[in-house]
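Trainee: Have a look at this one before I ask anything.
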Amino acid sequence: MLNSLRLLIIATPKNASTLVASLGLIASNVSVVASADEVEASAAARWDAIIVSADPPSLPTIAVLALLRHAGANAPVIVFGGADEPLEAARLAKAGADCCIPACRIDCLAGSLLSAVATHHRYEGYGEAEREALFRLVGAVRRSLELKDVFKAAVDGVRAFMGVDRALLYHFDGEYNGTVAAESVAMGWTHSRGLEINDTCFKASKAEQYLDNRIAAFEDVREAGLSPCHLELLERFEVKASLVVPILMDGKVWGLFILHQCSSTRRWRAGEMDLLYQFGAQLTIALHQAQLYQAAKAQLKQLECLTRLLEDRVAQRTDELQNALTAKSTFLANASHELRTPMNGIIGLTDLLFQTQLTEEQRGFASTLMLCSQQMLALINHILDYSKVEAGRMELDPAPFNVKALVASVAAIVGESAQRKGLDFAIQVDPHLPLSLYGDSVRITQILSNLASNAVKFTASGRVHIRVESLPDAPSHIRFCVEDTGIGIAPRDIGKLFTAFTQADASFNRRFGGTGLGLAISKQLVELMGGAITVESIPGEGSTFSFALPLSASEEAQPISIPSENSTTIEQPALQHLDAKLLVVEDNPVNQMVLLRHLKQLGFSSVDLAHDGLQAVAAADSTDYDLILMDCQMPDMDGFEASRIIRSRNMDKHLPIIAITALSNLDEYESHLAIDMNGFLQKPYTRGQLETMLQQFLTKAIPLKSCK
């Protein structure tokens, strides 16, 4: 059967040979192409099927599918490889793939190929207009991941295409009871959408047939031998003929796709039954894809709500807050606390999730959740930095630093993203520069990382280069340049780049995301350090962002840690004093669970919990603790007051108190941290940061106590 098919294979010669051999094909019936020009020239020929390998040499798979549609290909398209994840398979199906086969399931390729060809031949049994309408309906089913849109397109389209009086989708939400989830009805007939049906006889009469995925066709419901309860239900809605196809999910009947003829009886043709059967298959795929999509959305729902809340508040009050910088700073600090508290729980729980046994798909979901949480945290930090700069409260912390190590740290942060996009990413530091410079390396890293991240984000192909050099006419000024071959910026839009909450083009936000704060903060930080930032750009060719700073040479450079490509934590010695007695003071239940679980995994077995400052003071009076982890913002008595009281009652011993806070502006509480507390962890924190803090203070505390 396979050898009678004319196939077009879009793949490298090596991959094509593998596919031909695995399918046992005759080479004379197969045409292999690889380049875009060959695809475009061959697509419109009459093929029985087109197989697209996931790694063609010249174009991504999505681009190949788009090219096939543009060239007028009229054959089923099977994508082999590159669809191991369900969401990726859904994306390929939406782009026009009739079937997606993971590389690990090459044994399924032959069967899927024959099935796709058979389905396509069934469609060809209709006339040209009917076939075109049918393909449009299939496209509508695939186009959206929102169930309501898929269902509406299906019932409206099928009713019009089949010329029936009613098309509906019935969903079982119990033991064969259910609700009409979507409906399209001709004028004059009774509506049933939203109707809840308690079906007491379905299980006995039709359950087995529908579980076998068999269609039920009734030309005349009165002569179909239906049970009295079914006949009564159909007559209630004036049904004279009916066609029903089951929708199966995970081996169960999820629901039914039903056509009703109310004006007369009707003889259902085989083609009509096949059409509805094919639609049932498409709806099953759409339902499965939508469920995966909804599961991914649910993981980020809380963060999205908080983001919208923050952005809406900022957007609504931007004009009036220009004259109220203090009020805005207070609001953003409070918003930071309210955001960081749940984010600490989300990031902490995700970190704990990684310590469990996960499937590859679950690990992918968890990685996406962690990435989105980190992006949300970066957004919060951007907004807070902008507020500090605007209010004149941003303070620089200059110190000696190694310029090569600084640039390397930025490359480590951004380079992985560039590598995933296939970009030529390189750094170049003028060898004549002093190895050690004097300046605020943290803020310089922040500016350079932002420019480099933007370059990678807006560059689809080509290069991103970072260059550091001294200015020829001002040797004491060091210039940092980021060059890319990205989309470029129109001259009229360059002036908007450094305006807060603004992007050069509104479409950039829709395509690439972002708040428009990064460049505004970078410009203000550069100017705060006595420098200037410039941009040169040509639309369609790329951009060069540069900033020059007055940086003097220094004799000694502080080391800058370069993050590992596969890790966000630093290797450190194993914790000691695991028998130490600890007190955790935290009012948030989620953060309680995260912190207690982290301590348990680190090996601490003697840990008490207090829910507020009052309980903490009472516990410290009755128990001799080696260290206290103190939340700062709590009802009844906050952590600062509790620490002051505990410290006053334990003047004769060294008791480390570590503040755990979601506050963004710690300057106001510097006196508490200096007098009553020994250190602090800012939420959201990682287990590695917690471990470092415990290592530092327990090592000091335990020997002092044991000497008493």
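Trainee: So what is the relative contact order for the range 568-652, in percent, with contacts set as C-alpha pairs under 8 Å and at least six apart?
Mentor: On the way: 104 pairs, mean separation 28.6, N = 85.
Relative contact order here is 34 percent.
Trainee: Where nothing but the Cβ of Lys and Arg (+1) and of Asp and Glu (-1) is charged, how large is the charge dipole of the range 228-309 around its Cα centre, in debye to the nearest 20? Don't skip to the answer; put the middle values down first.
Mentor: Details: 9 positive and 7 negative charges, 32 e Å.
Value, rounded to 20: 160 debye.
Trainee: For the range 216-299, what is the relative contact order in percent, using Cα pairs closer than 8 Å and at least 6 residues apart in sequence?
Mentor: On the way: 92 pairs, mean separation 22.6, N = 84.
It rounds to 27 percent for the range 216-299.
Trainee: While we're here: Quick one: Karplus J couplings for the range 630-646, per residue in order, coefficients 6.51, -1.76, 1.60, θ = phi - 60°, nearest Hz, x for Gly and Pro?
Mentor: With coefficients 6.51, -1.76 and 1.60, one gets 10, 5, 9, 9, 9, x, 6, 9, 7, x, 5, 5, 4, 5, 4, 5, 4 Hz.
Trainee: Once phi is turned into θ = phi - 60°, what whole-Hz ³J(HN,Hα) does the Karplus curve with 6.51, -1.76 and 1.60 give for every residue of the range 522-528, x standing for Gly and Pro?
Mentor: Along the range 522-528, the couplings run 4, 4, 5, 5, 4, 5, 4 Hz.
Trainee: With θ set to phi - 60° and the Karplus curve 6.51 cos²θ - 1.76 cosθ + 1.60, what are the ³J(HN,Hα) couplings of the range 596-603 in order, to the nearest whole Hz, using x for Gly and Pro?
Mentor: After applying 6.51 cos²θ - 1.76 cosθ + 1.60, I find 5, 5, 4, 5, 5, 5, 6, x Hz.
Trainee: Compute the convex hull volume of the Cα atoms of the range 263-316, divide it by the residue count, and report the result per residue in Å³ as a whole number. Write down the numbers at each step before the final one.
Mentor: Details: hull volume 7.7 nm³, N = 54.
Each residue corresponds to 143 Å³ of Cα convex hull volume.
Trainee: Would you calculate the separation in nanometres between label points at residue 532 and residue 499, each defined as 7 Å from the Cα along the Cα-to-beta-carbon direction?
Mentor: Spacing of the two 7 Å Cα→Cβ label points: 2.2 nm.
Trainee: Considering amide H positions built from the backbone, and no H for Pro or chain starts, which residues 5 or more places from residue 54, or on another chain, come under 5 Å of its amide H?
Mentor: Amide H neighbours of residue 54, under 5 Å, 5+ apart: 80.
Trainee: Turning to a different aspect of this structure: Is there a pair in 152/252; 94/457; 457/600; 14/421; 94/496 whose C-alpha atoms are over 31 Å apart, and which pairs would that be? Please report the intermediate quantities before stating the final value.
Mentor: Details: 152/252 23 Å; 94/457 24 Å; 457/600 40 Å; 14/421 24 Å; 94/496 36 Å.
Flagged as over cut-off: 457/600; 94/496.
All of the numbers you see were taken from the coordinates with simple rules; none came from a lab. These figures come from a predicted structure and were not determined experimentally. Cβ: placed from backbone, ideal geometry, glycine included. Neighbour counts: every protein chain shown.
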